[in-house]
Amino acid sequence: MDKISIGALQSLNSITPTSKTTPFEAQESFKNYLQGAIENLNETQTQSNHATQALMNGNMDDLHQVMITAEKASVTLQTTLEIRNKVVEAYQEIMRMQV
């Protein structure tokens, strides 16, 4: 497993609700997890952009490393978008519930 997967799993463990967790604590924990995931996405995209720019400028000769970095950024973006879609879907389902 790579750094992204392990970090995501560890963060998910920290937001698992317990009987002592208040709604505010759960909300803050979830917010912190999402914020960390977005920061991770931004960092991955930035690394990919720097590697691509270095390759174009002739400062880097390792095309394989540039492609690996770009693919990591792509997978991270796709995963983030799928998570966002699931969160929006869950929110819409909750809003459709009759009380």
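Rule-based calculations on the coordinates, nothing more; no lab input. The structure presented is a predicted model; accordingly, all values stated were derived computationally and were not measured. Neighbour counts run over all protein chains shown; Cβ positions are idealised from the backbone, glycine included.
Working ranking of peptides 38-45, 84-91 by packing, defined as the average number of other Cβ atoms within 10 Å per residue, highest first, is 38-45, 84-91.
Nearest 0.05, what FRET efficiency do Glu82 and Asp61 give at R0 = 25 Å with Cβ-Cβ as r? Write down the numbers at each step before the final one.
Working: r = 34 Å, r/R0 = 1.38.
About 0.15, to the nearest 0.05.
For the peptides 23-30, 47-54, the ranking by mean Cβ contacts within 10 Å, running from highest to lowest, is 47-54, 23-30.
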